[in-house]
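Have a look at the structure below before the remarks.
The values are calculated or read from the model by the stated rules, or taken from the named source; none is laboratory data. In this text, all values refer to a predicted model and were calculated from it rather than measured experimentally. Neighbour counts are summed over all protein chains in view; Cβ atoms, including those assigned to glycine, are modelled from backbone coordinates with ideal geometry. Ligands, DNA and RNA are stripped out before the accessible areas are found, and what is left, the full protein with its side chains, is counted by its heavy atoms. Shrake-Rupley method; radii C 1.70, N 1.55, O 1.52, S 1.80 Å.
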Amino acid sequence: MSTQRPVEHPALDAARLSTRLSRLLDGRKVDVLIHAPKLKELPIHRFALESGEEL
């Protein structure tokens, strides 16, 4: 998930979105990464951009 606005609770938001998506996809495992201002960018973000699927 990418947003231009700050995110107050990124871990909670990612967990909630991941749960919703997993339910919609019949239990399929999904990983959610949040890219937003003031959040540290980690190597996993680059990997996800290169190989992941944006929803």
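A quick yes/no check of all residues on (1) aliphatic (A, V, I, L, M); (2) in contact with a strand residue (DSSP E or B) (Cβ under 6 Å, 6 or more places away or on another chain); (3) part of a helix (DSSP H, G or I):
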residue	(1), (2), (3)
Pro6	no, no, no
Ala11	yes, no, yes
Leu21	yes, no, yes
Lys29	no, no, no
Leu33	yes, no, no
Lys40	no, no, no
Ala48	yes, no, yes
Fill in the blank from the handout: Checked region 1-11 for anything surrounded by 12 or more Cβ atoms within 10 Å (Cβ to Cβ) and not β-branched (Val, Ile, Thr); matches are Met1, Pro10
Fill in the blank from the handout: Restricting region 12-55 to residues that are touching a Pro at 6+ places or on another chain (Cβ under 7 Å) and open to solvent by less than 100 Å² (accessible area, probe 1.4 Å), the one farthest from Ser2 (Cα to Cα) turns out to be Leu39
